[in-house]
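Coordinate-derived values only; no laboratory data. This structure is a prediction, so every number in the text was calculated from the model and none was measured. With ideal geometry, Cβ positions are generated from the backbone for all residues, glycine too; neighbour counts draw on all protein chains shown.
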Amino acid sequence: MRPRSLTRSRLGAPPRGDARGVHRSRTTRVALATASLAGLLGVSGCVSVVVGRPSAQVPQRAAPGEVTVIGAVEGSVDEQARNALADLETFWADRFPDVFGQEFQPLQGGYFSVDPGDIDPRIYPQGVGCGADPREAENNAFYCQAPQAPNSDAITYDRAFLGELAADHGRFLPAMVMAHEFGHAVQARVGLPDRSITIETQADCLAGAWTAWVAAGEAEHSRLRDAELDDLLRGYFLLRDPVGTSSAAESAHGSYFDRVSGFQDGFDGGPEACRDEFGPERVFTQGEFTRDDDLATGGNASYPKLLELVDDSLPTVWEQAFSDVFGERFRAPQIEPFDRRAPDCAPDPDRELVVCPDEGIVAFDEADLGGPAYELGDFAVATAIAIPYSLSVRDQLGLSTDDEEAVRSALCLTGWYAARVYNGQAGIEISPGDLDESVRFLLTYGNDPDVIPDVDLSGFQQVDLFRAGFLRGLAACDVGA
């Protein structure tokens with residue numbers, strides 16, 4: 001491992017499935033995922049993230065005929081997809097004129113549900129979306145528009161694929177799939193961005209805008225509880241591109257971080273954010289491996305080398321920030337691993353991330369946190385250590401370290417540190433997929449009070465705070481920058 005490379009383990013990224021084509025033979029076909037199902041199974045002030053509070057009203061099933069889906073439609077997944085499609089039609093009919101200045105035209109080609117294990121050709125006399133063979137939907141979902149083809153302007157999905165996603169990552173994920181594909185239908189009406197990765201992450205954004213509306217209790221047929229948002233983001237991990245995919249690839253969909261960012265931008269900012277924030281300047285973190293040794297090892301630094309890199313990079317970025325931004329001298333705390341019992345200065349001996357400002361110590365439980373987090377990838381460990389380190393930074397700035405405001409700020413500052421590494425300003429280099437590991441760490445450990453202090457922050461909110469620091473800098477992190 002070289003001093004200027006902070007690398008990641010390859011997390012068994014799933015193989016590519018069928019590539020999606022854009023403007024192929026005058027056909028616009030955009031699909032949710034690049035992974036096959038087999039692969040899936042193998043601003044000033046600290047940002048304040050608010051999730052929806054659903055109403056007590058029980059959602060009603062979409063009435064027969066309200067939405068017509070052709071194909072196998074008898075299962076619970078089909079019912080949920082149908083309910084979601086009804087609510088999507090309502091949402092976009094209402095919001096589209098205000099956001100895009102025109103009436104929303106309903107999909108002309110309809111909706112198709114496919115059971116790959118039991119396809120009856122008589123059900124699909126003209127095929128599914130754009131006249132495609134129903135078998136093309138296996139392990140996927142896609143929107144398709146081809147003006148000269150039958151069933152143009154349609155959404156097609158594999159009901160078994162949606163069922164697997166729901167079983168593993170929560171009942172709302174099939175609805176999110178419908179929202180993503182419906183986002184492509186929105187794009188077809190207002191114009192597609194010029195890059196595949198922008199098309200796909202903007203569709204994630206449009207799905208996020210609708211999801212926030214559902215989470216707020218506005219939908220008639222769909223429901224989403226706050227607690228389910230974490231599962232929803234975990235499910236996005238299965239839908240990322242294989243690590244090492246170029247952001248310029250013809251069918252690029254985005255890294256985990258990129259796709260989650262798109263979704264959360266829509267959730268936080270509504271359809272207007274999806275309209276305005278997907279231009280040429282948008283940051284995408286997906287990229288190719290550039291070194292042969294990274295390809296050979298999956299880009300994974302050894303655990304001891306990783307700790308050296310973290311121990312070097314955190315003081316580097318904060319010494320520079322204190323000099324340039326705060327006009328002060330930074331006193332770098334010592335980073336100390338421990339084995340299951342926190343240092344005596346910790347408020348709780350079971351705490352796995354510890355900051356002791358008076359002693360100048362930042363400590364972490366190597367046995368119960370460092371080692372397990374390393375299984376997610378090396379930058380997951382860097383993210384873990386950067387959180388208490390950021391609390392030490394706040395102490396040196398005369399700010400609180402033991403309340404919810406401090407935790408929010410520390411998560412944001414951790415995102416800022418990740419941005420410095422990403423931009424080559426920390427004396428080390430980040431590798432493809434490292435930021436995905438930050439998201440995974442927060443969704444895996446963020447709700448453990450021994451890791452993140454017991455404050456009222458979901459994993460969804462913690463990821464959003466991390467992203468705020470990464471994308472907006474110190475000004476978002478409530479440190480007076």
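Observations on the structure shown:
- Under the simplified labelling scheme, the Asp226-Arg135 pair shows an inter-label distance of 4.9 nm, with each label point 7 Å from Cα along Cα→Cβ.
- Pairs of alpha carbons in the range 332-481 whose separation is greater than 28 Å (percent): 9
- Inter-label distance, Ala248 to Glu66: 4.8 nm, where each label sits 7 Å from its Cα along the C-beta direction.
- Computed over the range 301-476: relative contact order in percent, which uses C-alpha pairs under 8 Å that are six or more apart: 21
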